[in-house]
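The values are calculated or read from the model by the stated rules, or taken from the named source; none is laboratory data. Being a predicted model, the structure only gives us computed values, none of them experimental. Methodologically, a virtual Cβ is constructed for each residue, glycine included, from the backbone with ideal geometry; neighbour enumeration extends over all protein chains shown. When the accessible area is computed, the model is the full protein with side chains, heavy atoms only, and any ligands, DNA or RNA have been set aside. Shrake-Rupley method; radii C 1.70, N 1.55, O 1.52, S 1.80 Å.
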Amino acid sequence: MTADVVVLGLGYVGLPLAQEAARAGLSVIGFDINDAVVNGLNEGRSHVDDLSDDDIAELLRHGFRATTDESAIAEADAAVICVPTPLAEDGGPDLRPVISATRTIARQLHPGMLVVLESTTYPGTTEEVVRPILEEGGLVAGRDFALAFSPERIDPGNPVYGMKNTPKVVGGLTPECTDRAAAFYGRFVDTVVPAKGTREAETAKLLENTYRHINIALVNEMARFCHELGIDLWNVIEMAKTKPFGFQAFYPGPGVGGHCIPIDPNYLSYNVRARLGYPFRFVELAQEINATMPAYVARRAQDILNEDSIAMRGSTILMLGVTYKPDIADQRESPAVPLAKQLMRMGAEVRYHDPNVATWDVNGTELTSVTDLDEALASADLTLLVQNHKTYDVDALAASAKRFFDTKGVVTAPGAHRL
Ligand SMILES: NC(=O)c1ccc[n+]([C@@H]2O[C@H](COP(=O)([O-])OP(=O)(O)OC[C@H]3O[C@@H](n4cnc5c(N)ncnc54)[C@H](O)[C@@H]3O)[C@@H](O)[C@H]2O)c1
């Protein structure tokens, strides 16, 4: 073999994996079906937030190369699948990229190979979807090659926890598969945690994200009634947080975004409903609460304008920060989009500013980030803090705005409104 590993899918998940493996001295090949991604990487250009062009240059120095040529997969000891699992029309995961990547590996599979699925999906995917495709050529999983699931825990923009120092859960089809996958990850991840099997590893990932989703929904629902009752929920959370055990702080906001939190819990509820015929009520309730937050924030914006006898229709609203989390450019599933749509539907003229997003597509309406922020603040009827990027001096922004509505609970300036 000429490579230790081939990573299939060179995005937010695949690239940090390639980076850590290469840094640890493994020889790494990257396979992707997107020519632009492959050419960009080979020319030293990064397309994800967490890796800079310098990081790609380092990867290339370590011998990494990206390719669209699937025959390269046959050269590798291990293949790791990091392709997207978007939501399908019926609410379950769209497994087409996983199936396609698995077929690609199946055509190059050789005895002794380790195949790991990292894409987030419903429990059973590794055994019921990936395994049969790989076995079509006659090799048997657990005997002729090893098969495992290892959930990706990448947290884009997190300055403390990256691929190397975040414990890696691995669950194999057999105990030998688990050992093989654990030994593989142990070469470049500090802590590897063996799961009982593939289903436990798959479900662990969904539990983690469902837990976040539900707890965010809890504070989002509390935000609504605390506002009505005149209670500062942000202060409530600061108080509760002082308990050193049994409590973890979650914060309200204009909705949930990103590729994981709004989507993954659906995989679980979809699977429970499809297999068992009953709903996963916690997830469905959380979904409902979190999905209605943009409309709630729009209504609060309307109330703020109303206090000063200004109609939403015809007003100008400036949104600050439109990504789904601070200090990154990723806009996937950002609640800023339904929020902007709702404000537009109510007749407002929406402008936005985001240091990471030069142009922004609000479902077909293309907006350009304001260049003169002072002018935009001074002229907008209401400024809405949607994402608190670290370049924002929020109190100074609030002081320059006619009216300021902070959905992130950071403003201290008197007169500003908080969610
Ligand atoms: N981004 C995150 O923060 C994050 C965190 C945890 C888990 N995940 C999960 O990891 C998986 C990958 O997510 P991502 O954010 O890296 O996606 P991404 O869109 O950033 O990258 C995926 C890459 O896969 C490529 N691809 C698609 N089909 C392919 C195929 N058949 N063969 C080879 N390459 C193919 C695409 O061209 C793209 O470059 C998803 O299941 C996601 O749920 C993502």
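Overview of values
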{"item": "Those residues of segment 180-209 which are without any contact (Cβ under 8 Å) to a residue 24 or more places away in the chain, surrounded by fewer than 19 Cβ atoms within 10 Å (Cβ to Cβ) and touching a strand residue (DSSP E or B) at 6+ places or on another chain (Cβ under 7 Å), in sequence order", "result": "G186"}
{"item": "Condition broken by V370, with the remaining ones in (1) at pLDDT 95 or above; (2) within 29 Å of C226 (Cα to Cα); (3) among the aliphatic types (A, V, I, L, M) satisfied", "result": "(2)"}
{"item": "Test: residue in segment 323-331 that is in contact with a strand residue (DSSP E or B) (Cβ under 9 Å, 6 or more places away or on another chain) and among the acidic types (D, E)", "result": "no"}
{"item": "Long-range neighbours under 7 Å by Cβ, at least six apart or interchain, first residue in the same structural domain as N388 (by TED's automatic domain parsing) and touching a residue at least 12 places away in the same chain (Cβ under 8 Å) within segment 332-354, second open to solvent by 30 Å² or more (accessible area, probe 1.4 Å) and of a type in the set (K, R)", "result": "M346/R313; G347/R313"}
{"item": "Listing of helices (runs of 4 or more DSSP H) fully contained in segment 205-296 that carry 1 or more residues being in contact with a Cys (Cβ under 8 Å, 6 or more places away or on another chain) and of a type outside the set (D, E)", "result": "233-240"}
{"item": "Looking only at segment 299-323, and only at residues there that are touching a residue at least 40 places away in the same chain (Cβ under 8 Å) and surrounded by fewer than 24 Cβ atoms within 10 Å (Cβ to Cβ), the one that is nearest to A380 (Cα to Cα)", "result": "T316"}
{"item": "Residues of segment 117-132 that turn out to be assigned to a loop (DSSP other than H, G, I, E, B) and more than 13 Å from the ligand (Cβ to nearest atom), as a count", "result": "2"}
{"item": "Total residues in segment 38-71, condition in contact (Cβ under 8 Å) with a residue 60 or more places away in the chain and open to solvent by less than 50 Å² (accessible area, probe 1.4 Å)", "result": "1"}
{"item": "Residues satisfying the stated conditions in segment 145-170, i.e. in contact (Cβ under 8 Å) with a residue 40 or more places away in the chain and not in a loop (DSSP other than H, G, I, E, B)", "result": "L147, A148, F149, V170"}
{"item": "Selection within segment 91-134 - open to solvent by 10 Å² or more (accessible area, probe 1.4 Å), closer than 16 Å to T203 by Cα and not aliphatic (A, V, I, L, M)", "result": "P93, T120, Y122, P123, E127, E128"}
{"item": "Complete set of residues in segment 356-413 that are touching a residue at least 40 places away in the same chain (Cβ under 8 Å), surrounded by fewer than 17 Cβ atoms within 10 Å (Cβ to Cβ) and among the charged types (D, E, K, R)", "result": "K390"}
{"item": "Failed item in (1) free of Cβ contacts under 8 Å to residues at least 40 places away in the same chain; (2) open to solvent by less than 20 Å² (accessible area, probe 1.4 Å), with A22 passing the rest", "result": "(1)"}
{"item": "Residue count for segment 65-98, restricted to those that are closer than 27 Å to G172 by Cα, more than 25 Å from the chain's Cα centre (by Cα) and not aliphatic (A, V, I, L, M)", "result": "4"}
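Conditions tested, residue by residue: (1) at pLDDT below 90; (2) surrounded by fewer than 19 Cβ atoms within 10 Å (Cβ to Cβ); (3) more than 17 Å from R332 (Cα to Cα); (4) more than 16 Å from the ligand (Cβ to nearest atom).
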{"site": "K243", "(1), (2), (3), (4)": "no, yes, yes, yes"}
{"site": "Q248", "(1), (2), (3), (4)": "no, yes, yes, yes"}
{"site": "Y251", "(1), (2), (3), (4)": "no, yes, yes, yes"}
{"site": "G258", "(1), (2), (3), (4)": "yes, no, no, no"}
{"site": "P265", "(1), (2), (3), (4)": "yes, no, no, no"}
{"site": "Y270", "(1), (2), (3), (4)": "yes, no, yes, no"}
{"site": "L276", "(1), (2), (3), (4)": "no, yes, yes, yes"}
{"site": "N290", "(1), (2), (3), (4)": "no, no, no, yes"}
{"site": "A295", "(1), (2), (3), (4)": "no, yes, yes, yes"}
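Residues are listed down the side, and each one gets a yes or a no for (1) within 13 Å of I33 (Cβ to Cβ); (2) not in a strand (DSSP E or B):
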{"residue": "A57", "(1), (2)": "no, yes"}
{"residue": "S71", "(1), (2)": "no, yes"}
{"residue": "A78", "(1), (2)": "no, no"}
{"residue": "V83", "(1), (2)": "yes, yes"}
{"residue": "G91", "(1), (2)": "no, yes"}
{"residue": "P97", "(1), (2)": "yes, yes"}
{"residue": "S100", "(1), (2)": "yes, yes"}
{"residue": "R103", "(1), (2)": "yes, yes"}
{"residue": "R107", "(1), (2)": "no, yes"}
